[in-house]
Structures are given as structure tokens and as C-alpha cells.
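Student: A single structure is presented below for examination.
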Amino acid sequence: MLGKPENSNLYFQETKVQYYIHVQSNPMVVVYSKKNDGALEEIGRTEVILNSLNPSWNAKINLQYQFEVLQQLVFQIYDIDPQFHDVSEKMLKLEEQQFLGEAICLLSDVVTKQNRLLNIKLGVSEHNLPNPSKFGELTVQADESAGSKALMEMVFRCSDLEIKDLLSKSDPFLLISRISENGMPVPICKTEVRKNDLNPKWKPVILNLQQIGSKENPLVIECFNFSSNGKHDLVGKIVKSVAELENMYHSQNGENFFVPANTAHDCHSKEVLKSQVYVEKYFENNRHTFLDYISAGCQLNLMVAIDYTASNGNPRLPDSLHYIDPNGRPNAYQRVILEFGDILQYYDPAKRFPSWGYGARPIDGPVSHCFNLNGSAYQPEVEGIQGIMSAYISALRNVSLAGPTLFGPLISTATAIASQSLISNQQKYFILLIVTDGVVTDFQETIDAIIKASDFPLSIVVVGVGGADFKEMEFLDPNKGERLESSTGRVASRDVIQFAPMKDVHGAGISIVQSLLAEIPGQFMTYMRTRETQAIS
């Protein structure tokens, strides 16, 4: 049995494993998670089935699903010697047992299948065993634990916040983050900004176990004073699990904010403030989860847009962001595309990705702010991630880098595709990845396009590459700015866009790519709730 979900966190408790063999044996399955360095980490073992040709195991192996990372699973099957049948499965020494074969898959391969059931051919890996065709087939099924469907709605309020602005009271908002396995905070939810308010009460916050992992996992709840330049001042924070927040609601007791003490010699000390946070409302119910929709056939479709403005530099020179290394080392654009594509491609069975360029002048034409990378006049789709990479390189040879940097036409084009999909009643949700080396110049057009996009099955992720100052781009990210407002005064129906600079992607801790992808399931579910789309077969 498997399981794991998001920031995207879900739990698969029931993973039925069946294995068909051609000799009488006493098989047991050992399940491993394969890490980036190739190391195997054991996550569970099934029971031993005695004298079976077609065993079916009932053991439940818990695994938390994470949408934003590739989770490779390795299933190794052993024939347990009869002399060890009185020994607990956990205590068995595998080197003393006969290896029967192994199967490898990604967890995303399982959860995207109907009924979350996957058949995998067994092989032998590095084990030197004859006749691999005789090893049969393994069937893996993943089910979510009942608790992972729980949805928590909370209303937060604060009292006696510290005044941060010189000429007015503070403009506070809350940012809620889960803590990743390496200890780094990953934002999962943000409240609106309350203007000029030292005792704010925010609109309801909705969390699910796909975001937090479990009700016992700690969450970081930070209160910031909003600043239009994106450099928000920390007012204070608390660290509480959802279970503790529920207790705060029942007791109606507040929790004092704290801030890390400004002392170089003690990084663990903190200053407790008089400001307090309260949970004024706590409500819990069950709804369809992200994986309910995915396993029912809803697809996530990647779209890619690449910056071909002149500020990238001459692609023929090594200092250009578009330089194609003859040794095969990917440039910044290629790295971003590969990292996103490696995750998202498994949620799109057709693997046909609309791909555009912008800010360049095609041969014998004016500057275009949305042209098909493949050179087609009508069809923007390419085949697979390698198709994107090939079209990207081909376009470099066939356009002249120009400018300026405009996002409005790209977002409008992507929205039109999402709109047509909705009209056609297709089960699709789109993720538009825009990679840029500079700041947009069509701010208002971009904002208007984003707000229109919020009504459709679309999320937008913008990644900045190169050394430009991207501070002005933070208005795009709802975790760093206020809710966007159109030129007609309309606000977005939901948060659909995120921005982050590439320079943080390969830093310490969780990568920016993973952090950005981690918010997709939440945006997806917000759209589904907004549309009241819960018709899952």
C-alpha cells in the first residue's frame, strides 16, 4: 500500500500489490524510495505469502505523495526461506533470501491511472538472473487514507499588532507555510491584506491534508505588514499544527506572536510579543481531493513561453543566456523547462505542449510577442519535452532577438486555449510556464490578462533568469503583493500566478521550481471549488 501527496500532500495507505510467478515460492515485497543520488530508502515490507503462484498482499505501506517532486519507487520481491517463517518481516535479512525480481515506477505513474492501479513488468536490475521473461508482473494500487480528504476552514484574527508604518497603522496579512523534509518553509496559503488595521480579522483560510501532510505537522504562520515594494516587514509569527490550531479555537485562547531575537550568538532565541493571534472559526469537512480529479481523468497540460528579447545577449556567445553549449550543458532556459517538464509531463498522457516565444522578430516579419516555437502558423503544440527543447533551439536560428518584454499577449493566448477547453467540456487544467530575463513593460495589460485568466482552468508560473533586478516583478506573486486589480476595477477571482527568480532555484533547501509547483494543486482545487465542479465518476 502506498501513499503521499502534496504541497501536494496526500496519503496513500492502500497499495495492493500482486505478483505473478511461475514457481512455488513464499514471496514478500520490499518497497523502496529512490533518492536523487540513486540511494534506496526502504519504506515498508509486505507480509510473506506462503506457497503461492499468484500472491496478493494486503499490507498497507504508507507513503506521502508530493506533486512537486519525482518520486521513484522500487519494488523488490524475495522468496523467504521456510526456516525464517517465524521471524518478523521487519527482522528478515534480505541477503539470506532468494531475489525473485524487481519493478520500478514513479508514484505519479500510479496516481494518474484510472483506479490508481498500475501493472509493471518485473525485471532483474543489477541482479544477474536468467530468463527475465519468467519474472511476471506486479500490480500496484494506491489509495488515499480517509483523513487526506479532510478540508479545514479557519478564520484568523489578531490583536494589538505593532505599528510598522510611520504615517498610518499597519497593513497586515498572514502567510501560512508548511515545513519541508529539509526544514525549509514552503508557502501554501496567504490571506488578503487588511488596510490600516491593528486588530485585523481575515476572510476564511481553507487548507487540506494534501497541503499540510497531517494535522500534526507544524505550520509556520507569519504576520507581515504589506509593502508595495515587496519587502514586507515581519510583525511576528507562530509555529502550530492544525491540531493545535483546532485546540486554540475550542479554548478561544490566543497565542503570542514571536520574532527571532536579533542576537548573533544565539540563533535559537526569540522575543515574545504582546500581539496575539486567535482562531475565531474552525470547521472541517470532506471534499474531493486533487488526486480524485487526477485519477478520474483530469489532465494537467503544460504550456511554455520563452523570452527572445535582445537583453539575453547574442546566442552565439558563451555569455548569452541562450548560448547552446556544444558539450550539452543546459542553459538557464533549458534547466527551467526540464525541471518543470520532468514533473508535469506525467499528468498529460498525450504529451503535446503548446510552446511559444516572445520579444523577437521572425524572418521577414515584425516583432512578435507570441509566436509558435515550431514555426507553424497555426499549431503551437510540440511532441514531448524534447520537442520543446528542439523547437527552442530551432527558433534561435530563425528569429532576431528584439523586444520589449510583454506578457499580455501570451497570457491571453493561453487563456483562449483554456477557455476553448472549458467550452468543449474537456477535463483539462493548464499550467503556463513563462521564462523571462527581464521585467515586463505592459504592466496593466498583463494584470488585465491575469485577472481574466483567473476565471479559467489555468495557472501561470513566471521564472526569471539571469542577473536582472526582478523586484518590480513581485507584483505578480500573491505571496509578495496585494491582490491584483484590473483597469476596470475588477479583482482576480482566485490566485493564479506566481513569480520567482531562477537564481534561487539551485540554492540550499527546496528548489524554487519545487516551491512553485507545490502551489499548483491548491490553485487547481480553488478553481474546482469556484466552478463547483465535483462531478467525478
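The values are calculated or read from the model by the stated rules, or taken from the named source; none is laboratory data. Everything quoted here is computed from the prediction, not taken from an experiment. Here the Cβ is made from the backbone with ideal geometry for all residues, glycine too, and neighbour counts use every protein chain on show. Just so you know, the surface numbers come from the protein's heavy atoms only, side chains and all, with ligands and any DNA or RNA stripped out. Shrake-Rupley method; radii C 1.70, N 1.55, O 1.52, S 1.80 Å.
Student: Where nothing but the Cβ of Lys and Arg (+1) and of Asp and Glu (-1) is charged, how large is the charge dipole of the chain around its Cα centre, in debye to the nearest 20?
Tutor: It comes to approximately 800 debye.
Student: In square angstrom, what is the accessible area per residue of the chain with a 1.4 angstrom probe? Before the final figure, lay out each step's value.
Tutor: Working: 23810 Å² over 537 residues.
For the chain, the per-residue accessible area is 44 Å².
Student: Follow-up. In debye, nearest 20: dipole of region 150-286 around its Cα centre with unit charges on the Cβ of K, R (+) and D, E (-)?
Tutor: About 300 debye.
Student: Here's something else I'd like to know. Based on the alpha-carbon gyration tensor of region 166-230 and its eigenvalue square roots a ≥ b ≥ c, which shape applies: rounded if a/c is under 1.5, prolate if not and a/b is larger than b/c, or oblate? Write out the running numbers ahead of the final one.
Tutor: Values: a/c = 3.06, a/b = 1.99, b/c = 1.54.
It comes out prolate by the Cα gyration axes.
Student: Taking amide H positions as placed 1.01 Å from N in the peptide plane, with prolines and chain starts having none, which residues 5 or more places from HIS369, or on another chain, fall under 5 Å of its amide H?
Tutor: GLY359
Student: Within region 365-383, which residues have the backbone N less than 18 Å from the label spot 7 Å out from SER424 along Cα→beta-carbon, could you tell me?
Tutor: Backbone N within reach: 377-383.
Student: Let me ask you something else. Please work out the C-alpha center-to-center distance from region 85-113 to region 175-231 and express it in whole Å.
Tutor: 39 Å
Student: Same structure, new question: Within region 439-472, which residues have the backbone N less than 18 Å from the label spot 7 Å out from SER487 along Cα→beta-carbon, could you tell me?
Tutor: Residues 440-454 qualify, since their backbone N sits under 18 Å from the label point.
Student: Still on this structure, please answer the following. Search the structure for amide H atoms under 5 Å from the amide H of GLY213, placed 1.01 Å from N in the peptide plane, and list their residues when 5 or more places away or on another chain.
Tutor: Sorted by chain and number, the residues that satisfy this are ASN9.
Student: Could you tell me which of rounded, prolate or oblate describes region 203-328, using a ≥ b ≥ c as the square roots of the eigenvalues of the alpha-carbon gyration tensor, with rounded for a/c under 1.5 and, failing that, prolate when a/b is larger than b/c and oblate otherwise?
Tutor: Cα axes put region 203-328 in the oblate bin.
Student: Once amide H atoms are built 1.01 Å from N in the peptide plane, which residues 5 or more positions from SER275, or in another chain, come under 5 Å H to H?
Tutor: Placed amide hydrogens put PHE257 under 5 Å from SER275.
Student: Considering only protein heavy atoms, with the full assembly of protein chains and a 1.4 angstrom probe, order THR488, THR191 by accessible area, largest first.
Tutor: THR488, THR191
Student: Round to a whole number: what % of the accessible area of the chain belongs to carbon and sulfur, probe 1.4 Å?
Tutor: Result for the chain: 48 percent of the exposed heavy-atom area is carbon or sulfur.
Student: Are there chymotrypsin sites (Phe, Trp or Tyr not before Pro) in region 366-469 that DSSP puts in a loop and that have at most 16 other Cβ atoms within 10 Å, and which ones?
Tutor: TYR378
Student: Tell me which aspartates and glutamates have Cα within less than 15 Å of LYS351's Cα, excluding those fewer than 8 residues away on the same chain?
Tutor: Partners within reach: ASP109, ASP342, GLU381, GLU383.
Student: Output wanted: per-residue J couplings in Hz (rounded whole) for region 92-103, from phi through Karplus 6.51 cos²θ - 1.76 cosθ + 1.60, θ = phi - 60°, x for Gly and Pro.
Tutor: Along region 92-103, the couplings run 5, 8, 5, 5, 8, 10, 8, 6, 10, x, 9, 10 Hz.
Student: Continuing with the same structure: On full extension of the chain, what length is gained from THR441 through SER159, given 0.36 nm per residue of separation minus the C-alpha to C-alpha distance?
Tutor: Between THR441 and SER159, full extension yields 97.5 nm more.
Student: Would you compute, from DSSP H runs of 4+ residues alone, the mean residue ellipticity of the chain at 222 nm, taking -39500 (n - 2.57) per run and dividing by the full residue count, rounded to the nearest 500?
Tutor: Only helices count here, giving -5500 deg cm²/dmol.
Student: Continuing with this model, one more query. Once the dipole of the chain is set up with Lys and Arg at +1 and Asp and Glu at -1 on Cβ about the Cα centre, which of VAL435, LEU70, PRO185 lies farthest towards its positive end?
Tutor: VAL435
Student: May I ask what percent, to the nearest 5, of DSSP beta bridges between residues of the chain are antiparallel? Intermediate values should be presented prior to the final figure.
Tutor: Working: 90 of 115 bridges.
So the antiparallel bridges amount to about 80 percent of the total.
Student: What is region 298-536 by shape, rounded, prolate or oblate, if you read a ≥ b ≥ c off the alpha carbon gyration tensor as root eigenvalues and call it rounded for a/c under 1.5, prolate for a/b larger than b/c, and oblate otherwise?
Tutor: rounded
Student: Among ASN372, ALA416, VAL111, pick out the residue whose Cα is farthest towards the positive end of the charge dipole of the chain, where Lys and Arg carry +1 and Asp and Glu carry -1 on C-beta, about the Cα centre.
Tutor: ALA416
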